[in-house]
Amino acid sequence: APTPAAAAAAAATKALVAQGEAAFKAKRLRAASAAYEAVIALNPHHRASLSRLAEIEVGCERFEAAAAFLKRACDAARATALSAPTTPLLLARLADAYIVLRRPRDAVLLVREALDLCPEGEGGEQGAARRARLLVKLGRALYDAGDRKTGSDLFMAVLDKDQEHPEALVEYAAVALECGQLEDALKVNLRLVVKRPDDKKVRRALCDTIAADDGCAHLFEQLAPSASAAPAHAFLATVVKDHSHLEASERLYGAAIAHAPAATAASYALNLAHVFELSLRYEEALSTVVGFLRQQGRERSVGAGGPSSEHVLQLLQDSTALALPAFGTLAKPQADGTPPPPPP
């Protein structure tokens, strides 16, 4: 039977873990960290708390701290056979941290250790999927360590078995971009973002591809500007804007505005104006809004039951005449009286 002190420590640990989990789920990360750190003070080898602390650090992009927690969790997992099912996952997460920290050789050792714990042919479909993910991770670590051929061969080996394997496709696209195969990288990243629109790694890879030299040109070849393509162009413009690729975002919003119906073009025009604001091009931001309003017709209302476009234009002109003396030259009607074209 446990001693009274051990029983009290176990009860305190259980309560703190529950407190930490509640705070973590509520995204109160500081409170969650405090609870998990209190658990570690009671039990330095508590794997679940070490793992959660690492997850919080990764979310804050503090990879050195995350690696330190994960290393302790891996050491604790290795010490007991009871943790065998979770050990490969911990090893893989530590390998991820080492890849980010540019320690690929250490990552290679960890992934190989994880693969040894996931023998081929064991665990059914879940076991095969876990092993495939580890092989992709090993390929990335080897590639970063300088063994590019072996790393690339591992990506292709996984794709030979599953042509839609997301992690392998991400790495294949990254290698294609690095090797200057922009068209291939773009095709793969577009496929991925359709399947994983909220995946941060996928969105970042797509941004890097579109922002590369001739990236937008290749994109317009694959997804030509049209009314049906306007929502896709606007979505991609938002993605690249979020990663500060403002020139590419400007071109994509411009393509969307040129072909979108008025109901959705208003949102695109405002987003394009925001891109100009981020670039400190305030007159162009204002010109975008003014040009869009003039194209809508004088009597068209802004919003349901709102003021007319003409009234909003007059308000803009009155309120900005002093701040932007050049406003009078912006987005004026052409000589024949027709509205000016939208920004390029």
* So, of the residues in the stretch 145-159 that are of a type outside the set (D, E) and in a loop (DSSP other than H, G, I, E, B), which turns out to be least open to solvent (accessible area, probe 1.4 Å)? -> A145
* To do: Check L315 against each of (1) in a helix (DSSP H, G or I); (2) modelled with pLDDT under 65 and name the one condition it does not meet.
  => (2)
* Structure fact -> Among (1) over 17 Å from the mean Cα position of the chain (by Cα); (2) closer than 23 Å to V136 by Cβ; (3) open to solvent by less than 40 Å² (accessible area, probe 1.4 Å), Y253 falls short only on (2)
* To do: Looking at (1) modelled with pLDDT under 95; (2) within 23 Å of A9 (Cα to Cα); (3) buried (at least 21 other Cβ atoms within 10 Å of the Cβ), find the lone condition where A79 falls short.
  => (3)
* Asked: Restricting attention to the stretch 125-139, does a residue exist that is surrounded by fewer than 16 Cβ atoms within 10 Å (Cβ to Cβ), charged (D, E, K, R) and out of contact with any Cys (no Cβ under 7 Å at 6 or more places or on another chain)?
  -> yes
* Structure fact -> Of those in the stretch 13-30 that are farther than 22 Å from C74 by Cα and surrounded by 15 or more Cβ atoms within 10 Å (Cβ to Cβ), the residue farthest from the chain's Cα centre (by Cα) is Q19
* To do: Would you mind stating whether A97 is surrounded by 14 or more Cβ atoms within 10 Å (Cβ to Cβ) and touching a Pro at 6+ places or on another chain (Cβ under 8 Å)?
  => no
* Answer yes if at least one residue in the stretch 38-50 is in a helix (DSSP H, G or I), open to solvent by less than 60 Å² (accessible area, probe 1.4 Å) and within 27 Å of L154 (Cβ to Cβ), and no otherwise. => no
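Hey, does the stretch 203-218 have a residue that's charged (D, E, K, R) and surrounded by 17 or more Cβ atoms within 10 Å (Cβ to Cβ)?
Taking the stretch 203-218 as the starting set, the residues that turn out to be charged (D, E, K, R) are 203-204, 208, 213-214.
Those left that are additionally surrounded by 17 or more Cβ atoms within 10 Å (Cβ to Cβ): 203, 208.
Yes.
The values are calculated or read from the model by the stated rules, or taken from the named source; none is laboratory data. Quick caveat: nothing in here was measured; it's all calculated off a predicted structure. Heads up, the Cβs are rebuilt from the backbone with ideal geometry, glycines too, and the neighbour counts pull from every protein chain shown. Note: accessible area is taken over every heavy atom of the protein model, side chains too, but ligands, DNA and RNA are not part of it. Shrake-Rupley method; radii C 1.70, N 1.55, O 1.52, S 1.80 Å.
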